[in-house]
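Q: Below: one structure in structure tokens.
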There are 2 protein chains.
Amino acid sequence: MHRTKVRIVEDALDANNTIARANRADFDRHGVTVVNLMSAPGAGKTTLLERVLGPGIDGVRVGVLEGDVQGSLDADRLADLHVPVTQINTDSGFGGECHLDANMVRSALDAVPLADIDLLIIENVGNLVCPAEFRVGEDARIMVSSVAEGADKPLKYPLMFRTCELVIVNKLDLLDHVDFDLDLYLHHLDAVHPGVARMLVSARTGEGVDELREWLRRLPDRAAVPA
Amino acid sequence: MHRTKVRIVEDALDANNTIARANRADFDRHGVTVVNLMSAPGAGKTTLLERVLGPGIDGVRVGVLEGDVQGSLDADRLADLHVPVTQINTDSGFGGECHLDANMVRSALDAVPLADIDLLIIENVGNLVCPAEFRVGEDARIMVSSVAEGADKPLKYPLMFRTCELVIVNKLDLLDHVDFDLDLYLHHLDAVHPGVARMLVSARTGEGVDELREWLRRLPDRAAVPA
């Protein structure tokens, strides 16, 4: 009986996971590694992508899938860098969906040039809750935090911090101007996700961005484990 | 036929609105004015409340209802100010709800000392999408933005900015240290919500907080319109 109950709970997420696996099969067939990039609104995902994609990643052809409630502001910024960008808007619901799910990503795949890229970066809707609940077929999840948001965030949004492979602490250039205790933040981070990879960067100054570029370049080697 | 279809669409939100009206009736019966305080994670809602409630609001007894996915970090901070604080945790779902709805607020009302307060401030879950979609019985909505989040936010999360009575631009002390074009932000704000009341504050330095305190003190006079 116990086992049956557990299975029913798992079934509630199965529709999304089934589609996520279908996405993943398509990505694998084309040899495309996929990153799900998540953060709170305004943590600096797009600015960070501009920094990474401006000079490019050595030997890696990158495409971007942009998730936003409305508009194409971020997609327009990235298209200026001459990378293929596909926009998903989630506002068909009454106030807009607060996250991407596997089906939304699937509905956009026809417009993504999978044959021409090696790495697809999916920039999720800015939100620290629901994006963590929906796998979309990614190989890795990167979560961007900003020092302006406060050191308590890992404790307040634990699922997000627990389900990612890399945590980026951004806006390091603001460290002298905000009440942010970096040691306390890292202590909280290790409490919810012990030993998770982390990087300290400033998308504004470029500090630490090379390390992220290298992490992305080497991701296909590490991402050999199936979903 | 057309009319029937419209009614069905409206019905989808009616369960929440019905409960919101019941909440509102309870608030009215006790003469309690209610604010729904919303923002992205880390925009500074709690620090702002500490600034406002530390000295208190002249002649106004304040209570707080804290919405968080998990934990009671914010509630603990505010309880130190000797205001009655009630905590709602939304993590009973698989990854936690990303917003408060009218039923969650209703489920907490027994624990809120409505007879002993004049103003109830409901601090919503940090999120710029879904909280805007759910009325909880409030008289007014306040939305806190931070200059660290960037000037594009009104265009990216229009429903949130459109459905509030007051927009607070917080972290003004960071203005010299971030690439934030205040005029552009206000231009975007007026594009999605023409003429909405706005205040420039720094919860860190206290700049502008008196104006917010006065706005809250006078809210019952303005909030005479039923939900």
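Q: Amide H to amide H, which residues 5 or more places from B:L100 or on other chains are under 5 Å from it, using H placed in the peptide plane?
A: Hits under the 5 Å cutoff: B:V125.
Q: Let me ask something else about it. Copy-to-copy spacing for B:D176, label 7 Å out on the Cα-to-C-beta vector, in nm, shortest first?
A: Values, ascending and in nm: 1.2.
Q: Note down the nm distance, to one decimal, between modelled labels 7 Å out along Cα→Cβ at B:R21 and at B:D91.
A: Label at B:R21, label at B:D91, 3.6 nm between them.
Q: Same structure, new question: Run through the other copies and list how far each one's label point is from that of A:A79, in nm with one decimal, shortest first; the point sits 7 Å from Cα along Cα-Cβ.
A: Counterpart label points of A:A79 in the remaining copies fall at 5.2 nm.
Q: Lysine pairs in chain B with Cα distance under 26 Å, only those 8 or more apart or on different chains: how many are there?
A: Values: B:K45/B:K153; B:K45/B:K156; B:K45/B:K171; B:K153/B:K171; B:K156/B:K171.
Close lysine pairs under the 26 Å cut-off: 5.
Q: Also: Evaluated at 37 °C with a viscosity of 0.692 mPa s, what Stokes-Einstein diffusion coefficient in µm²/s does the range A:48-140 have when Rh comes from the Kirkwood expression over alpha-carbon pairs?
A: On the way: Rh = 13.7 Å.
My calculation gives 239 µm²/s for D.
Q: Separate question: Mind ranking B:195-202, A:99-106 by how tightly packed they are, going by the mean number of other C-beta atoms within 10 angstrom, highest first? Write out the running numbers ahead of the final one.
A: Working: B:195-202: 16.4, A:99-106: 21.4.
Going from most to least packed, we get A:99-106, B:195-202.
Q: Highest first, please rank the peptides A:54-60, A:84-90 by the mean number of other Cβ atoms sitting within 10 Å of their residues.
A: Details: A:54-60: 12.7, A:84-90: 19.4.
For the peptides A:54-60, A:84-90, the packing ranking is A:84-90, A:54-60.
Q: Give me the one-decimal Kirkwood hydrodynamic radius in Å for the range A:2-222, with the sum taken over alpha-carbon pairs.
A: Hydrodynamic radius (Kirkwood, Cα only) of the range A:2-222 equals 17.9 Å.
Q: Please report the antiparallel percentage of DSSP beta bridges with both residues in chain A, rounded to the nearest 5.
A: Values: 1 of 30 bridges.
Bridges in chain A that DSSP calls antiparallel: roughly 5 percent.
Q: Let me ask another. Tell me which A residue has its C-beta closest to the axis rotating A onto B, and the distance in Å?
A: Here the value is A:A148, 2.
Q: What list of ³J(HN,Hα) values in whole Hz, one per residue of the range B:184-199 in order, does the Karplus curve 6.51 cos²θ - 1.76 cosθ + 1.60 (θ = phi - 60°) give from phi, with Gly and Pro shown as x?
A: In residue order, the calculated couplings are 5, 4, 5, 5, 5, 4, 5, 5, 8, 8, x, x, 4, 4, 9, 9 Hz.
Q: So what are the radius of gyration and Dmax for the Cα set of the protein assembly as shown, in Å?
A: 22.2, 68
Q: Also: What does the net charge come to around B:A25 if you take all other residues with beta carbon closer than 14 Å to its beta carbon, with K and R at +1 and D and E at -1?
A: Working: positive: B:R21, B:R24, B:R29, B:R106, B:R135; negative: B:D26, B:D28, B:E138, B:D139.
Around B:A25, the charge tally is +1.
Q: Would you mind calculating the relative contact order of chain A from Cα pairs under 8 angstrom and at least 6 residues apart, reporting the percent as a whole number? Working shown, then result.
A: Working: 418 pairs, mean separation 57.2, N = 227.
Answer for chain A is 25 percent.
Q: Got a sec to turn the phi values of the range B:135-143 into Karplus ³J(HN,Hα) couplings, 6.51 cos²θ - 1.76 cosθ + 1.60 with θ = phi - 60°, whole Hz, x for Gly and Pro?
A: Per-residue couplings from phi come out as 5, 10, x, 6, 7, 8, 10, 10, 10 Hz.
Q: B:V69's amide H: which non-local residues (gap 5+, or another chain) put their own amide H closer than 5 Å, with H modeled 1.01 Å from N in plane and none for Pro or chain starts?
A: Counting only residues 5 or more places away or on other chains, the set is B:T90.
Q: Give, to the nearest whole percent, the P(r) tail of the range A:138-210 beyond 19 angstrom, counting all Cα pairs. If you can, show how the numbers build up before the last one.
A: Working: 763 of 2628 pairs.
In whole percent, the long-distance tail amounts to 29.
Q: Let me ask you something else. Just to confirm the numbers: B:A15, label point 7 angstrom along the Cα-Cβ line, distances to the other copies in nm, shortest first?
A: Reported distances to equivalent positions: 1.5 nm.
Q: Here is a further query. Using modelled amide H (1.01 Å from N, peptide plane; none on Pro or chain starts), what sits under 5 Å from the amide H of B:S146, excluding residues fewer than 5 places away?
A: B:N170
Q: Enter the mean number of other protein chain beta carbons within 10 Å of the beta carbon of each residue in B:159-165, as an integer.
A: Working: counts 6, 4, 0, 1, 1, 0, 0.
So the per-residue partner count for this stretch is 2.
Q: Please work out the C-alpha center-to-center distance from the range B:60-115 to the range A:62-92 and express it in whole Å.
A: Rounded to whole Å, the Cα centres lie 36 Å apart.
Q: For the range B:151-160, in order, what is each residue's ³J(HN,Hα) by Karplus, 6.51 cos²θ - 1.76 cosθ + 1.60 with θ = phi - 60°, in whole Hz (x at glycine and Pro)?
A: Here the 3J(HN,Hα) series is 7, 8, 4, x, 6, 8, 10, x, 4, 4 Hz.
Values in this text are rule-based calculations from the coordinates and carry no lab data. Remember, it's a predicted structure, so these values are computed and weren't measured experimentally. Using ideal geometry, Cβ is built from the backbone for each residue, glycine included, and neighbour counts are taken over all protein chains shown.
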